Amino acid sequence: MPPIIVGEHPLAKSRDEKIRRVGLVFLADRNLVKENAVVTGERTHGLAFDSFIAYLNQERASLGKPSVTESERNSIASNSVDIILDKNILIRPDPCRMDLALKADTVLQEIAPKPKIKYLGALDENVRLAIKQQGECYRISPLPRTTQEQINEILGSILSINTKVRYYYNRWAGVRLLTYDEFSKLENLEIGERGACLEEILGYSKMKNSKGNPAVGFFMAKGFCRENFEKTFDFDILKERFYDAVQPEFRRDDYADPVWRKAMVESLLKKTPQEVIPEEVHLGLCPEFYMHIEWLPGAKIEQGRLITFDPIFNQNDDEARAICDEKVKGFILNFLMEYSQVEYVNIGRVIESLCKRVKMPGRRGVYIAAIKIPEKKEEIVKVIRLQKYGVKEYIEEGKHEPAREAANYRQWIKDRYFGCERLGMKVLPMRTGEVAERYNGGIILTGYFERSYIDGIATDKVHPSKYKNKGYSLALAKLLGEYAVLNMVVGRVDLAGRVLFDDGDEVIVEDENRLPKEIVLAAVTGSFRDYDCTEKLCPSLERFAAEYAGPVNRRVNVVPDAKAFADCYIESFVKRFKQLQEEYRNNGNAFDTLFSGRIHDPNGSIDYRWEQMLRRLENTDVERLGEEIRKNIKLSG
């Protein structure tokens, strides 16, 4: 039965967008509130509460009953849930009473579409867990997800008070954050104007707002606080102390830097300056993944059994269609077959490409799955990539047997993994699967590849501050040199013949000291594409010398010793190439027979390509190749 609405409908358009509309959901009980009610108003929840009490008193008076007492008011309040109204209805739950929030959600769905009802509290563990257990991560009011949304969030927070000091304002905590970069700009002001700025910073940093937080705080500044201003007003001393308190990656306000941007967005969303953003919010994903996931409707699971897919799948409106992905159903069913006693599954899609590479043809859908099973404390995180060429693509190409073509392509990808792994590349185990998909009025099977998430950072996205550690930069140079050999041997190039290396697919895994330990290949894109083997073998690989000098040239201006970095890269390259040659020469049969069960076709079968690559590997003049790469290194930057 729909609830009583006191005031305007929760989704009614605001008459003045500058005035915040709020509301409460009152849950029915046997005594005080006979029916569920939704009350809306303006400005404060207190005023909305008072309007509901006035409504109850009027109803009681008509029945000859006394007005609501103070103790009854308290009882009614304890059985209500706050909502905030804008384009959506935002439930603001009490983390300790998620049962009330879930009941209020059910009530609201009687009067509003489910996609319009979201939950605030993405950073609270109890809120997230309750929603995740429903398989409804998409119901949590999203944090800014795309790079541009994050930048807009940051730009929209900038404000001043009474001087030229610019702060980043956290509207939830009421704290104005001052960065080192903004503080350092005060040196350009006249002494008197700068003094007024320092007075403002000190005065507001001593103030407490209504939430008990300081009105001004200092961004990512460990140990730097208002006491520094109380001891001295010497700007140069304060600037030096502020500088020392901030890690290098946070000293410059750089919206394009995912590490700085992630830290700032988190700081703008915290309820208190001391709150730590749990790793679970972004599943431990590296900074470039952070907040780039759009969670999708899924299913309710109990004791490892599917209870029901989200009812939103049955809605036939534009909003439901925009957030529903039928492939999610197939992913969930496959996970239920793969794991026993699944507690919940949440699936999201990566909503913008994280790779700087030129877009290639074919389908490029990428999904993230978070699966919870009883025997593991942490969630299992999987990366799912749709098959680039599947039944749909082959139908559109006019192939007579699209399903067979898709199966052959899937086997081709698996064979490439086997080849990369045999040569020594670190690649994670990969599973293949299929999900049903509607196409042209029928159903087709769409293939996908699934692997575990790699806990690391792509080689092309290492923060410049890490390179200041010479040990870090040389360790990475060694790994890059070794991996460049494997990349070159398997012929990883794009459709235009350009080398694919050090551009997003190679992930650095660090050791306990946060130094590079190994490189893991996240995708075998482009491998086995270059396999030309002629009588003049050396030029065949030497033509890539300039591109394989790229990993050094791109880092010349950020590493502490460019020559040492280049030397380490070339030395490790030559050493690893010779090791691989020696391994092949001593145990050639183990390599030669890897694809002996495949059809041998000079037009480009996997067996033929593999044969050509091994021949090229064996006959390459490594010293000469290493020197050609060195000639293309430009240490001047």
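Summary of computed values
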| quantity | calculated |
| --- | --- |
| Top-ranked residue in region 583-637 [being basic (Lys, Arg) and assigned to a loop (DSSP other than H, G, I, E, B); ranked as surrounded by the most Cβ atoms within 10 Å (Cβ to Cβ)] | 598 |
| Every residue from region 31-60 that is assigned to a strand (DSSP E or B), of a type outside the set (Val, Ile, Thr) and at pLDDT 85 or above | 37 |
| Among (1) among the hydroxyl-bearing types (Ser, Thr, Tyr); (2) closer than 20 Å to residue 384 by Cβ; (3) at pLDDT 90 or above - the single one residue 290 does not satisfy | (3) |
| Top-ranked residue of region 438-470 - restricted to ones that are of a type in the set (S, T, N, Q) and in a loop (DSSP other than H, G, I, E, B), ranked as surrounded by the most Cβ atoms within 10 Å (Cβ to Cβ) | 469 |
| Residues of region 379-401 that turn out to be among the acidic types (Asp, Glu) and touching a residue at least 40 places away in the same chain (Cβ under 8 Å), as a count | 1 |
| Filter pass, residue 191 being β-branched (Val, Ile, Thr), surrounded by fewer than 20 Cβ atoms within 10 Å (Cβ to Cβ), in contact with an Asp or Glu (Cβ under 9 Å, 6 or more places away or on another chain) and closer than 30 Å to residue 237 by Cβ | no |
| Qualifying residue in region 402-411 (condition: closer than 25 Å to residue 301 by Cβ and touching a Lys or Arg at 6+ places or on another chain (Cβ under 9 Å)) | no |
| Candidates 525, 534 - the one that is touching a Leu at 6+ places or on another chain (Cβ under 8 Å) and at pLDDT below 95 | 525 |
| Test: residue in region 229-238 that is crowded, with 18+ Cβ neighbours inside 10 Å, of a type in the set (Val, Ile, Thr) and either modelled with pLDDT of 90 or more or outside any helix (DSSP H, G or I) (or both) | no |
| Which numbered condition residue 28 fails, given (1) assigned to a loop (DSSP other than H, G, I, E, B); (2) loosely packed, with under 15 Cβ neighbours inside 10 Å; (3) of a type in the set (Gly, Ala, Ser) | (2) |
| All strands (runs of 3 or more DSSP E) inside region 61-177 with 2 or more residues being at pLDDT 90 or above, of a type outside the set (Gly, Ala, Ser) and surrounded by fewer than 17 Cβ atoms within 10 Å (Cβ to Cβ) | none |
| Verdict on residue 224 being assigned to a loop (DSSP other than H, G, I, E, B) and under 22 Å from residue 207 (Cα atoms) | yes |
| Residues located in region 216-255, provided they are within 19 Å of residue 558 (Cβ to Cβ) and free of Cβ contacts under 8 Å to residues at least 12 places away in the same chain | 254 |
| Any hit, region 466-485, residues being modelled with pLDDT under 95, within 30 Å of residue 450 (Cβ to Cβ) and within 24 Å of the chain's Cα centre (by Cα) | no |
| Test set (1) in contact (Cβ under 8 Å) with a residue 12 or more places away in the chain; (2) farther than 30 Å from residue 588 by Cβ; (3) surrounded by fewer than 13 Cβ atoms within 10 Å (Cβ to Cβ) - residue 429 fails condition number | (2) |
| Selection within region 411-426 - surrounded by fewer than 20 Cβ atoms within 10 Å (Cβ to Cβ) and closer than 23 Å to residue 369 by Cβ | 414, 426 |
| Residue in region 614-631 that is of a type in the set (Gly, Ala, Ser), out of contact with any Pro (no Cβ under 7 Å at 6 or more places or on another chain) and farther than 15 Å from residue 415 by Cα present | yes |
| The lone exception for residue 425 - which of (1) at pLDDT 90 or above; (2) closer than 30 Å to residue 514 by Cα; (3) not in a loop (DSSP other than H, G, I, E, B) it fails | (3) |
| Test: residue in region 354-370 that is under 16 Å from residue 114 (Cβ atoms), modelled with pLDDT of 85 or more, among the hydroxyl-bearing types (Ser, Thr, Tyr) and not assigned by TED's automatic domain parsing to the domain that holds residue 503 | no |
| Residue satisfying all of: in region 212-228; within 25 Å of residue 154 (Cβ to Cβ) and surrounded by fewer than 13 Cβ atoms within 10 Å (Cβ to Cβ); nearest to the chain's Cα centre (by Cα) among these | 222 |
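One line per residue, one yes/no per condition, for (1) assigned to a loop (DSSP other than H, G, I, E, B); (2) modelled with pLDDT of 90 or more; (3) surrounded by fewer than 19 Cβ atoms within 10 Å (Cβ to Cβ); (4) at positive phi:
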site: 260; (1), (2), (3), (4): no, yes, no, no
site: 276; (1), (2), (3), (4): yes, no, yes, no
site: 320; (1), (2), (3), (4): no, no, yes, no
site: 330; (1), (2), (3), (4): no, yes, yes, no
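The values are calculated or read from the model by the stated rules, or taken from the named source; none is laboratory data. Since we're looking at a predicted model, the values are computed, not measured. In this analysis, Cβ positions are derived from the backbone assuming ideal geometry, glycine residues included, and neighbour counts consider all displayed protein chains.
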